């Protein structure tokens, strides 16, 4: 999930190959990077992802981010990662 108005969303639309890592709330990586393919979710798929995230983390996704997007008058973009593969340490 990310702000739909960011350049990251446009880049992923044009180039769906991404690198991801588990991280802290502040964005510090806690594991090695992995390569994946990202696909933006729309409609019912996005609503389903939103629902899952709100149930798993009700304070962050149910209250804090909902308020953030309401005050900024923007929307969230939800992505699905597939073809996840660990990157070698080389």
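The values are calculated or read from the model by the stated rules, or taken from the named source; none is laboratory data. What you see is a predicted model, and the numbers here were worked out from it, not measured in a lab. So basically every Cβ, Gly included, is an ideal-geometry build from the backbone, and we count neighbours across all protein chains shown.
Values as computed for the structure displayed
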read-out	value
Members of the range 8-34 found to be free of Cβ contacts under 8 Å to residues at least 60 places away in the same chain, exposed (fewer than 10 other Cβ atoms within 10 Å of the Cβ) and under 20 Å from residue 80 (Cβ atoms), listed by number	14, 15
Of all residues making up the range 1-49, the number that are part of a loop (DSSP other than H, G, I, E, B), closer than 19 Å to residue 66 by Cβ and touching a strand residue (DSSP E or B) at 6+ places or on another chain (Cβ under 6 Å)	2
The lone exception for residue 69 - which of (1) surrounded by 11 or more Cβ atoms within 10 Å (Cβ to Cβ); (2) modelled with pLDDT of 90 or more it fails	(2)
Pair list, Cβ < 7 Å and 6+ apart or interchain, from the range 48-67 residues that are over 17 Å from residue 2 (Cβ atoms) to residues that are part of a helix (DSSP H, G or I) and modelled with pLDDT of 80 or more	62/54
